[in-house]
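Okay, structure first, notes after.
Computed from the coordinates by the stated procedures, all read-outs in this text should not be read as laboratory data. A quick note: this is a predicted structure, and the numbers were derived from the prediction, not measured. Ideal geometry is used to build each Cβ from the backbone, glycine not excepted, and the neighbour counts take in all protein chains shown.
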Amino acid sequence: MALPTLSEADRKAALAKAAEARQKRAELRGKIKSGEMSFADVLKKSDDPIVARMKVSTLLESLPGFGKAKAQKIMSELEISDSRRVQGLGARQREQLLQRLG
């Protein structure tokens with residue numbers, strides 16, 4: 001399937017929208033890292049497009065004291081795919097994450 005041809009204005013608008021989304025995700029990760037927002041608070045906001053489209057691994061790595069290794073360990077123990085996004089978490093996976101990281 002061929003990509004649609006965008007006008008220059010459409011392309012710039014799409015780039016600006018993507019940059020804004022990246023900036024909002026970075027701000028959210030900063031709030032999580034600093035402790036302003038808890039893991040449970042983030043999951044409560046899963047209907048927000050910024051949170052919904054964030055990868056679970058990125059969210060876990062944003063938690064204080066967590067890095068790639070701890071995040072990967074939890075995800076493998078709970079059988080969560082590396083490519084899973086917050087909006088795609090099942091009820092069981094969500095509950096297990098909340099029990100573990102609350």
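Things to note:
- Percent of Cα pairs in the range 37-102 per distance bin of 5 Å, from zero to the largest separation: 3, 18, 34, 31, 12, 1.
- Label point distance in nm, Glu79-Arg53, each placed 7 Å from Cα along Cα→Cβ: 3.0
- Efficiency of FRET from Cβ geometry, Leu3 and Leu43, R₀ 41 Å, rounded to 0.05: 0.75
- Sites Ala13 and Leu98, calculated FRET efficiency, Cβ-Cβ separation with R0 30 Å, nearest 0.05: 0.20
- Between amide H atoms placed 1.01 Å from N, distances below 5 Å from Arg85 occur with Val56, all of them 5 or more places distant or on a separate chain.
- Between helix 68-77 and the chain: long-axis angle, C-alpha atoms, 0 to 90°, nearest 10: 70
- Rounded Å value of the spacing that divides the Cα centres of the range 15-34 and the range 48-69: 12
- On Cα atoms only, tilt of 91-101 relative to the major axis of the chain in degrees: 60
- Length released on extending from Ala26 to Gln87, taking residue separation times 0.36 nm less the Cα-Cα span: 20.2 nm
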